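Any read-out appearing in this document is the output of simple, stated calculations on the displayed coordinates, not a laboratory observation. Note that the structure is predicted; figures quoted are calculated from it, not measured. Every residue, glycine as well, gets a Cβ built from its backbone with ideal geometry; the counts of neighbours run over all protein chains shown.
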Amino acid sequence: TIKVWDSAYNKRLARKQNVHASGPIGTALYISSLQFSPDGTRIVTGGADKTVKLLDAATLNMITTVTDSSAGIHGILSVYYSPNGNNIVSVASTGLIKVWDA
């Protein structure tokens, strides 16, 4: 579950459950990494389901999903935005590093 809060007013702005796919026996797979874009309008997540997901930060609506089939048993461990916001870097549990268009 992702929750976006206004820290100045301690108010929840958005909430999204089941961002990453379900695992065996209906268990939810975890989000291992999350980062806001440099301009604050998007969120990128990486998860155990071997996907990198791009979401709208205000609504948490899904913009796109990319699957990394070479991510290994533990999926995507880390995601990072480039300083200019044009690229996303993912680090898989296999140690493979990939650069994606944002």
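Per-residue Karplus couplings for segment 68-73, computed as 6.51 cos²θ - 1.76 cosθ + 1.60 with θ equal to phi - 60°, are listed in order as 10, 5, 9, 6, x, 5 Hz, Gly and Pro entered as x. Find, among the chymotrypsin sites (Phe, Trp or Tyr not before Pro) in segment 6-102, those assigned to loop by DSSP (not H, G, I, E, B) with at most 11 other beta-carbon atoms within 10 angstrom. Sparse-neighbourhood loop chymotrypsin sites (Phe, Trp or Tyr not before Pro): Y9. Note that segment 37-43 has calculated 3J(HN,Hα) couplings of 5, x, 8, x, 8, 9, 10 Hz, one per residue in order, obtained from phi through the Karplus relation 6.51 cos²θ - 1.76 cosθ + 1.60 (θ = phi - 60°); glycine and proline are x.
Across the chain, the relative contact order, built from alpha-carbon pairs under 8 Å that are at least six residues apart, equals 19 percent.
A cut-off of 5 Å between modelled amide H atoms, ignoring neighbours fewer than 5 places along the same chain, links R42 with S37, A57.
The three principal axes of the Cα atoms in the chain give end-to-end lengths of 41, 37, 19 Å, sorted in falling order.
Modelled spin labels at D6 and A58, positioned 7 Å past Cα toward Cβ, are 1.3 nm from each other.
Would you please state which residues of segment 60-89 a label at F36 would reach in this model, taking the label point 7 Å out along Cα→Cβ and a backbone N cut-off of under 16 Å? Output list for this probe position: 60-61, 80-85. Work through the residues other than L13 whose Cβ is under 9 Å from its Cβ and net out their charges, Lys, Arg +1 and Asp, Glu -1. My count for the surroundings of L13 gives +3.
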